[in-house]
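These notes concern the structure reproduced below.
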């Protein structure tokens, strides 16, 4: 682990165990929400969790790098509404906060969610 990783938001929230726990919690609640379940009916949740773990790790300055499809391509044609996107974002922020993530982490995730919205909502 290099110095930048040691000082990263990723390290501050607890590294891989904390990111994995947050992603596991997210994908327990999101597919169980009737408003969102349809988006996840035919999805390989194990693979989705791997991608999300890598994406969140990268966002927070961890060692993992997201190597999945471009977010726009991955979500093309799913018809994700702004309300549903915001709901998933709220769940993500909630599980991170519940896991002890501080304001700096939550703000970084909020900024990323806002920046990624045009690639996902449609």
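The values are calculated or read from the model by the stated rules, or taken from the named source; none is laboratory data. Please read these numbers as outputs of a predicted model, since none were measured by experiment. Here Cβ is always computed from backbone atoms with ideal geometry, including for glycine, and neighbour counts include all displayed protein chains.
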Response to the item:
Residues of the stretch 69-118 being within 17 Å of residue 54 (Cβ to Cβ) and more than 13 Å from the chain's Cα centre (by Cα), in sequence order, are 69, 70, 73, 74, 75
Discussion item. Quick check on my filter: what residues within the stretch 1-24 are at pLDDT below 95 and loosely packed, with under 13 Cβ neighbours inside 10 Å?
Written reply: 1, 2, 3, 4, 6, 7
Worksheet item: Within the stretch 15-24, is even one residue more than 18 Å from residue 80 (Cβ to Cβ), assigned to a helix (DSSP H, G or I) and over 14 Å from the mean Cα position of the chain (by Cα)?
Response: yes
Worksheet item: Inside the stretch 12-24, can you point out the residues that are in contact with a helix residue (DSSP H, G or I) (Cβ under 7 Å, 6 or more places away or on another chain) and either within 19 Å of residue 71 (Cα to Cα) or free of Cβ contacts under 8 Å to residues at least 12 places away in the same chain (or both)?
Response: 23
